[in-house]
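Data block below; observations after.
The values are calculated or read from the model by the stated rules, or taken from the named source; none is laboratory data. Keep in mind the model is a prediction, meaning the values are calculated, not measured. Backbone-built Cβ (ideal geometry, glycine too); neighbour counts: all protein chains shown. With ligands, DNA and RNA removed, areas are computed over all heavy atoms of the protein, side chains included. Shrake-Rupley method; radii C 1.70, N 1.55, O 1.52, S 1.80 Å.
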Amino acid sequence: MPIGMASGTCLRGLRRRAHDKAGRVKIVYSDVLVIGGGLAGLRVAIGMRRRGLDAIVLSLVPAKRSHSAAAQGGMQASLGNAVKGAGDNEDVHFEDTIRGSDWGADQLVARMFVQTAPKAVRELAAWGVPWSRVRRGDREVIINGQSVTITERDAAHGLLAQRDFGGTRKWRTCYVSDGTGHAMLYAVGDQAIAQGVPVHERKEALALIHDSSRCCGAVVRDLATGELIAYAARATVIATGGAGRLYRVTTNALICEGIGAALALETGIAALGNMEAVQFHPTGIFPAGILVTEGCRGDGGLLRDAAGHRFMPDYEPEKKELASRDVVSRRMAEHIRGGHGAETRFGSHLWLDITQLGRAHIDRNLREVKEICRYFLGIDPADAWIPVHPAQHYTMGGIRTKHTGESPTLRGLFAAGEAACWDLHGFNRLGGNSVAETVVAGMIVGEFVADFCASEQGDLNVPTALLREAVDAERRALDALLGSQGTESADLIRSEMQQVMTANVGIFRDASGLEAAVGKLEALLQRCAHIGLRRHRDGPNPELVMAYRVPRMLKLALCIAAGALAREESRGAHFREDFPRRDDARWLRRTLASWSQPSARLPSLAYEPLDVASMELPPGWRGYGARDYLDHPDSVRRTAEVQALRERSKGRARHEIQEALMSY
């Protein structure tokens, strides 16, 4: 019996749950299925309701406990309210984002993002996010380690405030003290409730349902009961966040295992983009790796070594502690390698000093940092330095999508937020651009999803046999695990994977280490065939959950390691010690990883070139270190074209110039 959903018809009022004729499979219908209950997923779902469509959100945890709540420092939007943000606009934000990405970003996407971010931050204010506000008059700030008095304009009093962040030319980061993600998630979560968006908690997608060309929904497991359910939808959106738990030390929550990206990978049709692009945040507390916001350094915090020496000006005289994240993390690791770290029984670390900010500033603007230091380190950061070390933080790669958020190879599959390679960030993400991307991508991609559902392409005519077969396939796989007499431990395999990734696919990479990583990860994937369980029951079984997640995590780890081995250059957060130069001539292209067969032991890699001739900002020098990179053959010509157009356009409005450079 086929299930038909015509364009322009929403499922409100229809029976959402049904069973096939044999009564074996529960089926849940919706216009849109959103997998992931963080900021990106909730904002997509809100967009669906505004367009008159039904959307269901699946979440491993209660939505307000999603990892989005962990974002601390703020959200970038070019408002130009603060005196140190004067002159900021979308063009400046765009250039900062592209330079920060080391020219790996999709410039069309970046332009869409910077134009929409100011709208998004104001929408959040209307929804109740208590943004910190500008106060007129004089105030003391710390800039370059010195106390400076700045005077905020009377006209700006009460407007959204901005703080400084790494890799930016203006103070652009809007913030709620240092609990920005928490405040945003609660406001967006409340808005989702107000819009009537159902969130199905404790539900995990196990596989995407597709017919090799069209995604039709997902097979979902109830983590409390073990029941398998088929969710059928005209559009499926993956917004499951990053994959930090592939590494031993990460700022990511325990649920950030990359499973959404792995589901797309396992279709054999959708591809993952730039998985080798992994960001390490400079200031994870040592040794736990819990995040200490970039807002500490933006507000004037300093990085010091074991001798108390402020070392960043030695490496980056202009931006110092506020260089791009990849640069600061690399310089910190380099400084530790040079023997300047503070030694402990857990290893070496450096210090983050925010004592000069004063207790009043910390109590008002860095409250979460104070609590983290108190509970996990037993120190007061107003009096003592914070031990820090770079920790895995963000996955720039993800499910490759078009600017619409849709997979170019699997119709009906969309992705948003960190799970996607929408490619806003290229090979390095600016601080504040990620939490901004969640809501901005939710707004933009949500509109494209609604347009898709309203078009003929959004029509869905899926046989219940396809749904039943997908559920039965997952049931057989789970039964095989539950009945396995294997001797391998999923927990041990996972731990070994994390050790390999941390040791060999970290801040510094080279051929020998990456080759070793690929070999070890491949062997670990083979060992997964012999995983055994001590508890052979379905339902709430964490051991079973780990057993079916670990092979997927290993596939992602192999995509990262294999992509890093193949990319013989250094770009952004991907730094090859044996290929230290950025090579635009050979590598100004996006890595596409796919898993062609379930039995494959390694991913297949292909490449998508970036079109220099259409770039608004042609490749050039980022502004860090030596001007040591290899030009793309088209860079000189495109740079000359851009300069000539700007010369001819003198006196015209910046929006007109931008439109002439790159229409979007």
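If I filter segment 398-417 for residues that are within 23 Å of Pro282 (Cα to Cα) and either of a type outside the set (Gly, Ala, Ser) or modelled with pLDDT under 95 (or both), do I get at least one hit? Working first, answer last.
Residues of segment 398-417 within 23 Å of Pro282 (Cα to Cα): 398, 417.
Adding the requirement that they be either of a type outside the set (Gly, Ala, Ser) or modelled with pLDDT under 95 (or both) leaves none.
Taking every residue of segment 398-417 in turn, none turns out to be within 23 Å of Pro282 (Cα to Cα) and either of a type outside the set (Gly, Ala, Ser) or modelled with pLDDT under 95 (or both).
For segment 195-233, a tally of residues being of a type in the set (Lys, Arg) and open to solvent by 20 Å² or more (accessible area, probe 1.4 Å) returns 2.
Among residues of segment 442-464 that are over 11 Å from Ala235 (Cα atoms) and outside any strand (DSSP E or B), those with a Cβ under 8 angstrom from a residue that is open to solvent by less than 20 Å² (accessible area, probe 1.4 Å) and basic (Lys, Arg), sequence gap 6+ or separate chain, pair up as Gly442/Arg43; Met443/Arg43. Output the number of residues of segment 542-568 satisfying the condition of being in contact with a Lys or Arg (Cβ under 6 Å, 6 or more places away or on another chain) and touching a residue at least 60 places away in the same chain (Cβ under 8 Å). Residues meeting the conditions: 2. Among the residues making up segment 487-499, those that are buried (at least 16 other Cβ atoms within 10 Å of the Cβ) and in contact (Cβ under 8 Å) with a residue 60 or more places away in the chain are Ala490, Ile493, Met497, Gln498.
Take the conditions modelled with pLDDT of 95 or more, touching a Gly at 6+ places or on another chain (Cβ under 9 Å) and either assigned to a strand (DSSP E or B) or aliphatic (A, V, I, L, M) (or both) and apply them to Tyr231. Does it pass? It would help to see each step written out before you state the result.
Working: modelled with pLDDT of 95 or more: yes; touching a Gly at 6+ places or on another chain (Cβ under 9 Å): yes; either assigned to a strand (DSSP E or B) or aliphatic (A, V, I, L, M) (or both): yes.
Considered against the rule, which asks whether it is modelled with pLDDT of 95 or more, touching a Gly at 6+ places or on another chain (Cβ under 9 Å) and either assigned to a strand (DSSP E or B) or aliphatic (A, V, I, L, M) (or both), Tyr231 comes out as yes.
Of all residues in segment 46-68, those that are within 14 Å of Val34 (Cβ to Cβ) have Cβ atoms under 7 Å from Cβ atoms of residues that are assigned to a loop (DSSP other than H, G, I, E, B) and of a type in the set (Val, Ile, Thr), 6 or more apart or on another chain, in Ile46/Val197; Arg49/Val197; Ala55/Val197; Val57/Val197; Leu60/Ile255. Of all the numbered requirements in (1) assigned to a strand (DSSP E or B); (2) more than 30 Å from Lys370 (Cα to Cα), Phe280 misses one, and that requirement is (2).
Screening the candidates Arg49, Arg99 for the property of being touching a strand residue (DSSP E or B) at 6+ places or on another chain (Cβ under 8 Å), within 24 Å of Lys402 (Cα to Cα) and open to solvent by 10 Å² or more (accessible area, probe 1.4 Å) yields one hit, Arg49. Checking Leu592, Leu605, Leu617 one by one, the residue that is assigned to a loop (DSSP other than H, G, I, E, B) and either modelled with pLDDT under 95 or surrounded by 12 or more Cβ atoms within 10 Å (Cβ to Cβ) (or both) is Leu617 and no other.
Scanning segment 35-44 for residues that are under 18 Å from the mean Cα position of the chain (by Cα), farther than 21 Å from Ile444 by Cβ and either open to solvent by less than 10 Å² (accessible area, probe 1.4 Å) or modelled with pLDDT under 95 (or both) turns up nothing. Checking segment 636-656 against the condition returns a match, with at least one residue being closer than 25 Å to Thr168 by Cα, open to solvent by 70 Å² or more (accessible area, probe 1.4 Å) and touching an Asp or Glu at 6+ places or on another chain (Cβ under 7 Å).
Please find, among Ala192, Ala155, the residue that is at negative phi and open to solvent by less than 30 Å² (accessible area, probe 1.4 Å). Spell out how you get there, then give the answer.
Working: Ala155 fails: open to solvent by less than 30 Å² (accessible area, probe 1.4 Å).
Within the list Ala192, Ala155, the selection yields Ala192.
Quick check: is even one residue across segment 140-152 touching a Leu at 6+ places or on another chain (Cβ under 8 Å) and open to solvent by less than 50 Å² (accessible area, probe 1.4 Å)? Yes, segment 140-152 contains a residue that is touching a Leu at 6+ places or on another chain (Cβ under 8 Å) and open to solvent by less than 50 Å² (accessible area, probe 1.4 Å).
Condition check ((1) within 25 Å of Leu223 (Cβ to Cβ); (2) part of a helix (DSSP H, G or I); (3) not hydroxyl-bearing (Ser, Thr, Tyr)) across all residues:
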site	(1), (2), (3)
Ile56	yes, no, yes
Lys64	yes, yes, yes
Phe94	no, yes, yes
Thr97	no, yes, no
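Looking across segment 634-664, the residues that are of a type in the set (Lys, Arg) and not in a helix (DSSP H, G or I) come down to Lys650, Arg652. Number of residues in segment 280-319 that are over 19 Å from Gly181 (Cα atoms), of a type in the set (Lys, Arg) and under 26 Å from the mean Cα position of the chain (by Cα) equals 1. As a summary of the residue check, Ala126 satisfies the conditions (1) touching a helix residue (DSSP H, G or I) at 6+ places or on another chain (Cβ under 8 Å); (2) more than 30 Å from Arg411 (Cα to Cα) except for the one numbered (1). Taken over segment 124-138, the criterion of being open to solvent by less than 80 Å² (accessible area, probe 1.4 Å) and part of a strand (DSSP E or B) is satisfied by Gly137 alone.
Name the residues in segment 520-532 that are aliphatic (A, V, I, L, M), under 15 Å from Ser484 (Cβ atoms) and part of a helix (DSSP H, G or I), would you?
Step one: filter segment 520-532 for residues aliphatic (A, V, I, L, M), giving 521, 523-525, 529, 531.
Keeping just the survivors that are under 15 Å from Ser484 (Cβ atoms) gives 529, 531.
Residue satisfying the conditions is Ala529 alone.
When segment 169-180 is limited to residues that are within 26 Å of Asp102 (Cα to Cα) and under 19 Å from the mean Cα position of the chain (by Cα), the one that is most open to solvent (accessible area, probe 1.4 Å) turns out to be Tyr175.
Within segment 533-586, how many residues are assigned to a helix (DSSP H, G or I) and open to solvent by 10 Å² or more (accessible area, probe 1.4 Å)?
Narrowing segment 533-586 to residues assigned to a helix (DSSP H, G or I): 542-566, 584-586.
Among the residues that remain, those that are also open to solvent by 10 Å² or more (accessible area, probe 1.4 Å) are: 542-543, 545-546, 548-549, 551-552, 555, 562, 565-566, 585-586.
Residues flagged as assigned to a helix (DSSP H, G or I) and open to solvent by 10 Å² or more (accessible area, probe 1.4 Å) within segment 533-586 amount to 14.
Starting from segment 519-532, keep only residues that are more than 17 Å from Arg552 (Cβ to Cβ), then list their pairs with residues that are part of a helix (DSSP H, G or I) and open to solvent by less than 60 Å² (accessible area, probe 1.4 Å) whose Cβ atoms are within a distance under 7 Å, requiring at least 6 positions of separation or different chains. Filtered contacts from segment 519-532: Lys520/Val500.
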